[in-house]
Amino acid sequence: MNGRNNNTGLPANLRRGMEQSTGHNMADVRVQTNSAQPRQMQAQAYTQGSNLHLSSGQAQHLPHEMTHVQQQRQGRVQATNGAANLQNKGRR
């Protein structure tokens, strides 16, 4: 992180490791802990753009969710617009 402030909610070592391995700055990633939103999507955690939402006690999912941030940035995975979009995908 080269002395930059870490206001992301990510543990500094995790952020640094992801930045070093991907070559991408993670300064805009925001972690919402104790979020009710994953439960609404029947999940423990989920990523929407640069926002990571974790249910209570689900910090172990941070590395996995950070991978989704990177995938979305690379265009390998499309961000969804919420539960309705996920439900529609399940019907295809």
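The values are calculated or read from the model by the stated rules, or taken from the named source; none is laboratory data. Keep in mind the model is a prediction, meaning the values are calculated, not measured. Glycine gets a Cβ as well: all are built from the backbone with ideal geometry, and neighbour counts include every protein chain shown.
Report, by residue number, each residue of segment 51-63 that is in contact with a strand residue (DSSP E or B) (Cβ under 8 Å, 6 or more places away or on another chain) and within 14 Å of residue 26 (Cα to Cα).
The first filter runs over segment 51-63 and keeps only residues in contact with a strand residue (DSSP E or B) (Cβ under 8 Å, 6 or more places away or on another chain), leaving 51-55, 58, 61-62.
If the condition is that a residue be in contact with a strand residue (DSSP E or B) (Cβ under 8 Å, 6 or more places away or on another chain) and within 14 Å of residue 26 (Cα to Cα), then 51, 52, 62 are the ones that fit.
With 77, 69 as the choices, which residue is touching a helix residue (DSSP H, G or I) at 6+ places or on another chain (Cβ under 7 Å) and either surrounded by 15 or more Cβ atoms within 10 Å (Cβ to Cβ) or at pLDDT below 90 (or both)?
Numbers: 69 fails: touching a helix residue (DSSP H, G or I) at 6+ places or on another chain (Cβ under 7 Å).
Checking each option against the conditions leaves just 77.
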